[in-house]
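Each value in this text was obtained by applying a stated rule to the coordinates, not by laboratory testing. Fair warning: this is a prediction, and the values are worked out from it, not measured in the lab. When we count neighbours, we look across all protein chains shown, and the Cβ atoms used for this are built from the backbone with ideal geometry, even at glycine.
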Amino acid sequence: MRWPHFLDSELLASAMATTGSVVLALRPDHTICFWNRAAERLYGLRAEEAMGRDYVATFIAPEQQALIAADIRKVLAGDPTWDFEDDSVLADGSRRTLIWNVQRFENAAGEVCGIVAAGHDITARKDAERAFRLVWDQSTEGLLLGGGPGIIDCNPAALAMLGLTDRAQLVGRHPLEFSPAVQPDGEPSSLKARRMDALTRERGEHRFEWVHCRPDGTPVPTAVHVRLATLDGRKLTVIAWHDLTEQRANAEREAALREQLAQSRKLDALGHLAGGIAHDFNNLLTAIGGSVELAMMDVPADSPAAQELRLAQETAVRASALVRQLLAFGRQRDVSYQSLDMAALVREAQPLWRRLLPASVSLVTDVPAGPLVVWGDPGQLEQVLMNLLVNARDAMASGGEVRVRLAAVGSREAGRACLEVVDTGAGIAPDVRERVFDPFFTTKPVGSGTGLGLAVVYGIVSAHDGTVAIESVLGEGTVVRVELPLSSSPLPQPTADGVATVDGRGPATSRAVLLVEDEPAVRGALSRVLERAGYAVLQATHGAEALTVWHANAERVALVLSDVRMPVMSGPDFVRQLRGMGARTPVLLMSGFADEELVRELPTGVVQVLAKPFPSARLLSAVREALAAQRREVATEGLPETGGTG
């Protein structure tokens with residue numbers, strides 16, 4: 001091969017052959033006329049194999065061939081190319097990226113003979129750049145380069161954090177421009193920024209938290225890591241932002257869950273406390289209530305003594321209601337869910353409401369004429385109505401109006417009964433409104449409120465899969481809105497149920513009621529009520545003693561009235577002993593705590609469980625119903641009526 005004249009020098013030819021850079025020469029028609037050893041190594045083709053081949057057609061990626069041909073024409077015209085990049089295709093089909101310096105060469109006569117090109121393989125560098133750009137663009141961390149007075153580059157995540165869409169919105173500006181005037185710690189952003197910059201210069205890097213602000217005012221809490229760097233002699237600042245928004249939200253949710261757990265434990269503790277005192281307290285109320293009712297029978301209705309007794313009776317009822325609220329709040333009461341008409345419940349409660357309201361407070365109701373059926377416990381929902389009305393009454397010390405509205409809302413498939421209790425009182429301040437459902441929280445004077453009213457409402461409504469919300473404006477009043485799911489279940493059919501009065505006497509009989517009660521005051525009061533109604537009474541202080549009494553009087557005992565929780569032997573265990581001996585005597589159980597484990601699985605033959613305290617009329621009605629049911633059963637079976645074994 002004849003060397004081009006510029007390679008006639010033996011020294012220059014040797015240098016071209018041995019340099020690590022790819023050096024090649026092309027004629028104007030793109031055919032190869034020089035191919036050094038570096039070209040042989042890169043392209044995998046020996047010089048003798050490469051000579052005469054069309055370089056562009058053979059070694060340039062198809063999509064770049066037109067561009068390279070145009071560049072060669074430009075160089076041949078006398079315009080050298082420096083730092084030109086192309087993708088070369090090697091003999092094995094793989095690609096490499098090269099950067100070229102290209103200029104034309106001439107013969108001794110000064111005629112243009114072709115071009116000479118020197119190139120370097122920069123594939124590894126380009127791969128690293130692409131990998132870096134991928135990380136830069138795909139990182140969820142905000143990445144920024146700072147230099148001089150502002151930002152010189154940023155990635156998409158940094159733009160997204162600030163609610164921006166274009167680099168031009170951030171490049172050239174200082175992050176301080178996207179910050180509130182004051183940071184959450186109370187330090188002005190401008191002063192804190194200078195302090196953070198000083199610490200970074202002093203240490204070479206620094207970590208701190210910062211709140212940025214989007215153009216729409218949304219705060220963006222971030223963890224910032226700043227590091228000083230130098231690139232080609234230029235001092236730069238490398239900045240990484242980690243968005244703390246989700247972390248803060250998770251922390252708030254975790255704190256809320258911890259608060260809920262603490263509240264749940266508090267409720268559980270309250271439930272255990274309520275359950276612990278309920279039995280003894282209800283025993284006392286049963287004895288007090290029974291003794292007061294008996295005393296009222298012996299004094300003229302219009303006498304001062306009768307007035308005092310009525311006051312004592314009302315106080316006992318209020319004490320009983322307080323225990324029920326504690327038990328309801330602690331969810332320690334048995335509930336009996338059934339289909340019930342909320343409209344009827346509201347209508348039936350109105351006479352009691354009117355007695356509760358002072359003359360200065362008027363009551364207005366708006367209740368549909370037809371049924372509004374929900375699935376719930378009547379006693380608990382009555383408690384909700386009562387608590388809401390009392391709360392509204394207490395909010396209007398100077399008088400006003402209570403409006404009770406009930407309506408169906410929502411679709412037929414997802415309908416709800418919406419109850420609103422509206423008062424025209426003083427309203428509730430926002431900071432107080434946040435705590436109205438907290439147990440024992442009250443704004444009433446000491447001795448005027450328990451702080452359980454709305455807490456009980458919330459607990460009951462939640463247990464009924466409902467919602468309760470409060471709207472209030474200071475000086476205008478308050479709206480409490482309760483929504484309960486409507487039920488498609490039919491309403492239970494009413495049954496005739498005559499309730500006896502306290503002084504209604506049963507027929508004199510030698511048949512006896514076996515009364516089993518460990519509390520002497522309760523046992524004495526109940527015994528007097530039964531005897532006054534015409535029943536003979538046999539007494540025992542616990543189940544084991546009751547067995548002895550029953551054995552001695554089996555033919556006389558027509559009914560067993562027993563407490564649940566007693567020393568030595570409980571009421572249910574006593575009943576099981578009776579049933580084990582074949583006794584068919586009907587049994588009424590009494591409990592100061594209706595949700596006791598002891599009564600969750602009632603023994604056979606227990607007709608009813610009476611929750612203490614109960615009025616005497618309720619007791620006598622239950623006794624008569626149990627005896628009547630036994631007589632009907634005996635008549636059906638054709639057996640002699642007896643309290644003994646059958």
Report the residues of the stretch 88-117 in range of a label on Gln64: point 7 Å along Cα→C-beta, backbone N strictly under 16 Å from it.
88-102, 117
Counted charge near Ala521, where neighbours are those whose Cβ lies closer than 15 Å (Asp, Glu -1; Lys, Arg +1)
-3
Hey, can you rank 298-311, 85-98, 31-44 by average C-beta count inside 10 Å, highest first?
31-44, 85-98, 298-311
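Based on the mean of other Cβ atoms within 10 Å per residue, sort peptides 216-223, 619-626 so the most packed one is first.
Result, highest mean Cβ count within 10 Å first: 619-626, 216-223.
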Report, to two decimal places, the Cα Rg of the stretch 107-245 normalised by 2.2 N^0.38 Å (N = number of residues).
1.46
Mind listing the long-range amide H neighbours of Ser362? Cut-off is under 5 Å, sequence gap 5 or more, other chains count too, H placed in the peptide plane at 1.01 Å from N.
Gly400, Glu401, Val402
Backbone HN-Hα couplings from phi across the stretch 337-351 [Karplus 6.51/-1.76/1.60, Hz, Gly and Pro as x]:
7, 7, 6, 9, 8, 4, 4, 5, 4, 5, 4, 5, 7, 4, x
